[in-house]
Amino acid sequence: LGLGATSRSSKAVEAGGEGGGRRARRALSRSAMFYGTNVWDPVLIIAQIVTVQCLYYISLGGTLYVFVGSSSERHLSIAYLFDYAKLTTSTALGWKVIVSFLASSLLGALVLYFVIERTKKCLDFAVTCYGFHLVACALYAGFPLSLEWWITVGLSSACMTLVGESLCMKKEMRDIDLPSARPPRGNSKRQKLINFLKM
(Lines give C-alpha, C1' and ligand atoms only; values in the text may rest on other atoms or scores of the structure.)
Protein backbone atom coordinates (compact mmCIF):
# COMPACT_ATOMS: atom_id res chain seq x y z
CA LEU A 1 0.00 0.00 0.00
CA GLY A 2 2.76 2.41 0.90
CA LEU A 3 4.77 1.66 -2.25
CA GLY A 4 1.68 2.01 -4.42
CA ALA A 5 0.79 5.38 -2.89
CA THR A 6 4.40 6.53 -3.25
CA SER A 7 4.63 5.53 -6.91
CA ARG A 8 1.31 7.16 -7.74
CA SER A 9 2.42 10.33 -5.98
CA SER A 10 5.72 10.36 -7.90
CA LYS A 11 3.92 10.02 -11.24
CA ALA A 12 1.54 12.81 -10.27
CA VAL A 13 4.51 15.07 -9.48
CA GLU A 14 5.90 14.54 -12.98
CA ALA A 15 2.63 15.00 -14.85
CA GLY A 16 0.58 17.31 -12.69
CA GLY A 17 2.41 20.59 -13.24
CA GLU A 18 3.59 23.03 -10.61
CA GLY A 19 0.38 23.20 -8.58
CA GLY A 20 -0.27 19.48 -8.83
CA GLY A 21 3.36 18.81 -8.00
CA ARG A 22 3.09 20.62 -4.69
CA ARG A 23 -0.06 18.73 -3.79
CA ALA A 24 1.52 15.44 -4.81
CA ARG A 25 4.63 16.14 -2.74
CA ARG A 26 2.46 16.78 0.31
CA ALA A 27 0.61 13.52 -0.36
CA LEU A 28 3.93 11.74 -0.87
CA SER A 29 5.32 12.97 2.44
CA ARG A 30 2.11 12.03 4.21
CA SER A 31 2.07 8.52 2.73
CA ALA A 32 5.73 8.09 3.65
CA MET A 33 4.97 9.22 7.20
CA PHE A 34 2.39 6.46 7.70
CA TYR A 35 3.60 3.70 5.41
CA GLY A 36 7.33 4.28 4.97
CA THR A 37 10.01 2.11 6.44
CA ASN A 38 10.87 2.67 10.08
CA VAL A 39 14.33 4.17 10.25
CA TRP A 40 16.22 4.26 13.54
CA ASP A 41 16.87 7.96 14.09
CA PRO A 42 18.08 8.59 17.67
CA VAL A 43 18.36 12.35 17.11
CA LEU A 44 14.69 12.54 16.09
CA ILE A 45 13.61 10.34 19.00
CA ILE A 46 15.52 12.44 21.54
CA ALA A 47 14.11 15.64 20.02
CA GLN A 48 10.58 14.23 20.26
CA ILE A 49 11.09 13.16 23.88
CA VAL A 50 12.39 16.60 24.84
CA THR A 51 9.56 18.32 22.95
CA VAL A 52 6.86 16.17 24.55
CA GLN A 53 8.35 16.67 28.02
CA CYS A 54 8.61 20.44 27.67
CA LEU A 55 5.11 20.82 26.23
CA TYR A 56 3.74 18.57 28.97
CA TYR A 57 5.11 20.81 31.70
CA ILE A 58 3.90 23.89 29.86
CA SER A 59 0.40 22.40 29.67
CA LEU A 60 0.56 21.29 33.32
CA GLY A 61 1.64 24.76 34.38
CA GLY A 62 -1.22 26.25 32.38
CA THR A 63 -3.85 23.99 33.92
CA LEU A 64 -2.45 24.62 37.40
CA TYR A 65 -2.75 28.35 36.78
CA VAL A 66 -6.36 27.95 35.60
CA PHE A 67 -7.57 25.65 38.39
CA VAL A 68 -5.30 26.65 41.27
CA GLY A 69 -3.66 30.01 40.65
CA SER A 70 -6.78 31.86 39.54
CA SER A 71 -8.88 30.68 42.50
CA SER A 72 -6.34 30.52 45.31
CA GLU A 73 -4.69 33.22 47.36
CA ARG A 74 -1.48 31.22 47.40
CA HIS A 75 1.12 31.87 44.76
CA LEU A 76 1.97 29.04 42.43
CA SER A 77 5.37 27.47 42.85
CA ILE A 78 7.34 24.63 41.38
CA ALA A 79 6.23 22.48 44.30
CA TYR A 80 2.82 22.04 42.65
CA LEU A 81 4.59 20.32 39.76
CA PHE A 82 6.97 18.03 41.63
CA ASP A 83 5.83 17.69 45.26
CA TYR A 84 3.70 14.56 45.51
CA ALA A 85 2.19 15.80 48.79
CA LYS A 86 0.27 18.47 46.88
CA LEU A 87 -1.91 15.79 45.30
CA THR A 88 -4.29 14.95 48.12
CA THR A 89 -8.00 14.34 48.45
CA SER A 90 -8.19 15.76 51.97
CA THR A 91 -8.37 19.42 50.88
CA ALA A 92 -10.12 21.39 48.15
CA LEU A 93 -6.77 22.68 46.94
CA GLY A 94 -5.51 19.11 46.57
CA TRP A 95 -8.53 18.22 44.43
CA LYS A 96 -7.81 21.20 42.19
CA VAL A 97 -4.25 20.00 41.72
CA ILE A 98 -5.54 16.52 40.82
CA VAL A 99 -7.96 18.00 38.28
CA SER A 100 -5.09 20.03 36.84
CA PHE A 101 -3.02 16.89 36.29
CA LEU A 102 -5.94 15.11 34.62
CA ALA A 103 -6.68 18.09 32.39
CA SER A 104 -3.03 18.36 31.37
CA SER A 105 -3.15 14.74 30.19
CA LEU A 106 -5.74 15.73 27.59
CA LEU A 107 -3.45 18.50 26.39
CA GLY A 108 -0.66 15.93 26.39
CA ALA A 109 -2.73 13.81 24.02
CA LEU A 110 -2.81 16.76 21.63
CA VAL A 111 0.97 16.98 21.96
CA LEU A 112 1.22 13.33 20.90
CA TYR A 113 -1.11 14.05 17.98
CA PHE A 114 0.99 16.90 16.63
CA VAL A 115 4.51 15.75 17.59
CA ILE A 116 4.45 11.94 17.42
CA GLU A 117 1.65 11.32 14.87
CA ARG A 118 1.92 7.52 15.12
CA THR A 119 -0.59 5.42 17.01
CA LYS A 120 1.82 2.66 18.00
CA LYS A 121 4.30 5.16 19.49
CA CYS A 122 1.86 6.99 21.78
CA LEU A 123 2.22 4.50 24.64
CA ASP A 124 6.02 4.64 24.51
CA PHE A 125 6.20 8.43 24.61
CA ALA A 126 3.46 8.80 27.25
CA VAL A 127 5.15 6.31 29.58
CA THR A 128 8.51 7.98 28.95
CA CYS A 129 7.02 11.39 29.77
CA TYR A 130 5.56 10.27 33.10
CA GLY A 131 8.67 8.19 33.83
CA PHE A 132 10.81 11.32 33.64
CA HIS A 133 8.21 13.10 35.77
CA LEU A 134 8.56 10.36 38.40
CA VAL A 135 12.32 10.84 38.42
CA ALA A 136 11.92 14.62 38.73
CA CYS A 137 9.48 14.23 41.63
CA ALA A 138 11.81 11.79 43.39
CA LEU A 139 14.72 14.20 43.06
CA TYR A 140 12.65 17.17 44.26
CA ALA A 141 10.72 15.79 47.23
CA GLY A 142 11.70 12.17 47.56
CA PHE A 143 10.14 9.03 46.13
CA PRO A 144 6.32 9.45 45.95
CA LEU A 145 4.67 7.58 48.80
CA SER A 146 1.18 8.99 48.33
CA LEU A 147 -1.51 6.69 46.94
CA GLU A 148 -3.32 9.71 45.52
CA TRP A 149 -0.21 10.64 43.50
CA TRP A 150 0.11 7.17 41.97
CA ILE A 151 -3.59 6.97 41.10
CA THR A 152 -3.58 10.45 39.57
CA VAL A 153 -0.44 9.84 37.52
CA GLY A 154 -1.68 6.40 36.45
CA LEU A 155 -5.02 7.80 35.27
CA SER A 156 -3.28 10.73 33.58
CA SER A 157 -0.86 8.52 31.68
CA ALA A 158 -3.68 6.19 30.61
CA CYS A 159 -5.81 9.11 29.47
CA MET A 160 -2.91 10.68 27.58
CA THR A 161 -2.16 7.38 25.86
CA LEU A 162 -5.71 6.40 24.93
CA VAL A 163 -6.81 9.82 23.72
CA GLY A 164 -3.54 10.31 21.85
CA GLU A 165 -3.90 6.91 20.16
CA SER A 166 -7.49 7.71 19.20
CA LEU A 167 -6.49 11.04 17.64
CA CYS A 168 -3.50 9.58 15.80
CA MET A 169 -5.58 6.65 14.55
CA LYS A 170 -8.12 9.04 13.03
CA LYS A 171 -5.26 10.89 11.35
CA GLU A 172 -3.81 7.67 9.96
CA MET A 173 -7.21 6.53 8.67
CA ARG A 174 -7.68 9.61 6.50
CA ASP A 175 -7.63 9.11 2.76
CA ILE A 176 -4.47 10.26 1.02
CA ASP A 177 -5.49 12.77 -1.65
CA LEU A 178 -3.54 12.16 -4.82
CA PRO A 179 -3.95 14.75 -7.59
CA SER A 180 -4.68 13.35 -11.02
CA ALA A 181 -2.25 13.75 -13.89
CA ARG A 182 -4.64 16.00 -15.81
CA PRO A 183 -6.19 18.94 -14.01
CA PRO A 184 -10.00 18.86 -14.10
CA ARG A 185 -11.61 21.10 -16.64
CA GLY A 186 -14.50 23.41 -15.99
CA ASN A 187 -14.57 22.95 -12.24
CA SER A 188 -13.14 26.31 -11.22
CA LYS A 189 -15.35 29.37 -10.81
CA ARG A 190 -13.28 31.23 -13.40
CA GLN A 191 -13.79 28.51 -16.01
CA LYS A 192 -17.50 28.37 -15.26
CA LEU A 193 -17.72 32.14 -15.74
CA ILE A 194 -15.87 31.92 -19.07
CA ASN A 195 -18.16 29.13 -20.28
CA PHE A 196 -21.20 31.16 -19.24
CA LEU A 197 -20.00 34.25 -21.16
CA LYS A 198 -19.37 32.20 -24.31
CA MET A 199 -23.00 31.13 -24.42
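The values are calculated or read from the model by the stated rules, or taken from the named source; none is laboratory data. Bear in mind the structure is a predicted one, so any value in this text is a computation, not a measurement. A quick note on method: Cβ atoms are made from the backbone with ideal geometry, for glycine too, and the neighbour counts reach across all protein chains shown. SASA here: full protein model, heavy atoms, side chains in, ligands and nucleic acids out. Shrake-Rupley method; radii C 1.70, N 1.55, O 1.52, S 1.80 Å.
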Checklist outcome for this item: Quick count over segment 138-175, residues being touching a helix residue (DSSP H, G or I) at 6+ places or on another chain (Cβ under 8 Å), part of a helix (DSSP H, G or I), farther than 16 Å from E117 by Cα and not aliphatic (A, V, I, L, M), is 7
Checklist entry - Do you know which of the residues in segment 92-134 that are open to solvent by 60 Å² or more (accessible area, probe 1.4 Å) and among the basic types (K, R) is farthest from E165 (Cα to Cα)? => result K96
Checklist entry - Residue check, L76 against (1) closer than 19 Å to G131 by Cβ; (2) surrounded by fewer than 15 Cβ atoms within 10 Å (Cβ to Cβ); (3) in contact with a helix residue (DSSP H, G or I) (Cβ under 6 Å, 6 or more places away or on another chain), all met but one. Which one? => result (1)
